[in-house]
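Worksheet: the structure to be examined is printed underneath.
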């Protein structure tokens, strides 16, 4: 079963059988999953959840996967999200078009699910090291995702599960501002019913734990926008 420190993968696929196969296999590997069945829904869910990776079918109703990819890659908020394009189109010109639009990888149907999972993991190792068991550091803060431990200036920091997930989110993208809605979806889950004020409470607890020994506050509040791990610390 996936936990909230695992990478979040958005699957954009309108064929129920393909969606079921991908969901079953990626879920079995421990990934958290979100789903979209058309291009417009994909754009909406990407804004809401900020997934770590998108598996995107080329042929979608209403809006093609190519157009979805183009829109995501031209926006500063989403251009960093890696996209693996799935398509039955195997011609070189089509592959080139997909890559030129901004997709990071290209898999032709029919494909090996094991190979696709391997590509997903390889992509995440480059873009989200904390999601595959490595240690992340920011200033004097050190987070070990595999052992679920945090230290600051060499001293252990005791965090609850929610605060650990918050710090994991912040430390993967230092300086990036996360809105309360984005933190809510990434930390509590897309379907969780949690008041936005709960985010503020847990950010406050995280601050208190990190600053317990009088260290400078690494979390910046951006009025009207959200929070970030301050890159100036």
> Does residue 124 qualify as being closer than 24 Å to residue 46 by Cα, modelled with pLDDT under 85 and part of a helix (DSSP H, G or I)?
Replying inline: yes
> Can you name every residue in region 150-178 that is touching a helix residue (DSSP H, G or I) at 6+ places or on another chain (Cβ under 9 Å) and not in a helix (DSSP H, G or I)?
Replying inline: 150, 152, 157, 158, 159, 160, 176, 178
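Need at least 3 residues that are within 18 Å of the chain's Cα centre (by Cα), more than 23 Å from residue 173 (Cα to Cα) and assigned by TED's automatic domain parsing to the domain that holds residue 183 per element, so show me which strands (runs of 3 or more DSSP E) inside region 10-95 make the cut, counting only ones lying wholly within it. Lay out the reasoning, then the answer.
Values: elements: 32-36, 53-57, 83-87.
The strands (runs of 3 or more DSSP E) meeting that bar number zero.
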> List, please: which pairs have Cβ atoms under 6 Å, are six or more places apart or on different chains, and start with a residue in region 144-155 that is over 12 Å from residue 215 (Cβ atoms) and not assigned by TED's automatic domain parsing to the domain that holds residue 168 and end with one that is modelled with pLDDT under 85 and assigned to a loop (DSSP other than H, G, I, E, B)?
Replying inline: none
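Have a look at 175, 226, 189 and point out the one that is surrounded by fewer than 17 Cβ atoms within 10 Å (Cβ to Cβ) and modelled with pLDDT of 85 or more. Reasoning before the result, please.
Numbers: 226 fails: surrounded by fewer than 17 Cβ atoms within 10 Å (Cβ to Cβ); 189 fails: modelled with pLDDT of 85 or more.
The unique qualifying residue is 175.
The values are calculated or read from the model by the stated rules, or taken from the named source; none is laboratory data. As the structure is a prediction and not an experimental result, all values here were calculated from the model. Note: ideal-geometry Cβ built from the backbone for every residue, glycine included; neighbour counts use all protein chains shown.
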